[in-house]
1. Is it the case that Thr94 is surrounded by fewer than 22 Cβ atoms within 10 Å (Cβ to Cβ) and of a type in the set (S, T, N, Q)?
2. More than 12 Å from the ligand (Cβ to nearest atom) and either modelled with pLDDT of 95 or more or under 12 Å from the mean Cα position of the chain (by Cα) (or both): does that describe Ala246?
3. From the list Leu70, Leu98, Leu157, exactly one residue is more than 11 Å from the ligand (Cβ to nearest atom), assigned by TED's automatic domain parsing to the domain that holds Asp31 and aliphatic (A, V, I, L, M). Which is it?
4. Checking Gly228 against (1) in contact (Cβ under 8 Å) with a residue 60 or more places away in the chain; (2) farther than 30 Å from Ile57 by Cα; (3) part of a loop (DSSP other than H, G, I, E, B), only one condition comes out false. Which one?
5. Being touching a Lys or Arg at 6+ places or on another chain (Cβ under 9 Å) and surrounded by 13 or more Cβ atoms within 10 Å (Cβ to Cβ) narrows it down to one residue among Ile101, Ile33; which is it?
6. Conditions first: (1) touching a Ser or Thr at 6+ places or on another chain (Cβ under 6 Å); (2) within 12 Å of the ligand (Cβ to nearest atom). Asp195 passes all but one, so which condition is the exception?
7. Here is a check on your reading of the model: is Ser148 among the hydroxyl-bearing types (Ser, Thr, Tyr) and away from the ligand (no atom under 16 Å from the Cβ)?
8. On the basis of being in contact with a strand residue (DSSP E or B) (Cβ under 8 Å, 6 or more places away or on another chain) and hydrophobic (A, V, I, L, M, F, W, C), does Ala250 make the cut?
Amino acid sequence: MTPDPGTLLDLAVDVAHEAGRLVRDRRDAVDRITVSATKSTPTDVVTESDTAAEALIRRRLLSARPGDGLLGEEGATVTGGSGVAWVVDPIDGTVNYLYDIPQYAVSIAAQVDGRTVAGVVHNPASGQTWAATRGGGARLDGRPVRESGCDRLDRALVATGFGYDSARRAAQADVLRAVLPRVRDVRRLGAASLDLCGVATGWFDAYYERGLAPWDLAAGALVAEEAGVLVEGLGGAAPGPEIVIAAGPALFPALHDLLASLGADRDG
Ligand code: LIP
């Protein structure tokens with residue numbers, strides 16, 4: 001039986017808040033968070049909080065729903081048989097967390113047969129929680145949110161982000177150099193899930209980034225879509241590691257065409 005998305009969301013919100021308390025308490029307890037490992041590059045860091053939070057999230061979700069699958073950024077991979085799979089980023093914006101910049105999030109999405117049906121993005125530093133179910137709308141702290149309705153690229157506030165690999169960053173800088181004079185301004189917050197929720201909330205008019213992982217994208221993309229945001233790749237492709245473009249329907253075509261003309265889905 002297909003589980004109720006609202007029930008999945010309630011569990012996800014509860015677990016995200018518990019993981020957020022762990023992450024925040026650890027952050028507040030020390031002046032300097034310890035880097036416990038690095039991944040793709042020396043600047044792609046993991047902290048003990050990342051791994052502890054992912055372990056808590058895995059334990060709570062799978063004890064509540066033993067037959068589910070789970071994919072976590074820090075290595076948790078569980079094949080389930082229920083048809084429900086959880087996609088988890090225990091701390092999205094880990095570098096911000098390392099530097100005690102209050103822009104990081106616990107991101108948990110529930111997928112049924114590969115489609116996200118419920119998602120939560122919780123910022124433990126601010127206490128803000130975005131939540132959405134497929135077809136049920138998107139909310140910030142219980143209040144409905146909606147994209148900005150911006151329809152002019154030269155009036156758009158655009159969020160973006162950059163990878164950890166230096167060659168990719170050079171290519172992304174070339175794209176940014178061409179985008180910057182075409183838009184109102186650019187913001188780089190450092191957490192994709194919060195960037196996507198920012199578009200949903202009208203803090204930004206659009207967001208784009210190349211190189212996102214499934215856990216960066218899953219919950220924030222649902223929140224954005226439920227706030228009226230188009231979240232796609234180039235040429236109608238699904239959003240993914242090639243590129244994610246998020247904007248309201250009035251703005252999306254102009255940003256899409258600019259990024260397509262710049263080859264923003266390639267590394268140079
Ligand atoms: C982060 C993404 C962000 C990107 C950063 C980093 P992490 O994820 O959310 O959009 O620009 O470089 O990849 O590594 O903090 O989970």
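1. Criteria not met by Thr94.
2. no
3. Matching residue, one of Leu70, Leu98, Leu157: Leu70.
4. (2)
5. On inspection, the qualifying residue turns out to be Ile33.
6. Condition not satisfied by Asp195: (1).
7. Criteria met by Ser148.
8. It is false that Ala250 is in contact with a strand residue (DSSP E or B) (Cβ under 8 Å, 6 or more places away or on another chain) and hydrophobic (A, V, I, L, M, F, W, C).
The values are calculated or read from the model by the stated rules, or taken from the named source; none is laboratory data. Treat the numbers as computed from the prediction; the structure is a model and nothing was measured. Positions of Cβ are generated from backbone atoms using ideal geometry, with glycine treated the same way; all protein chains shown enter the neighbour counts.
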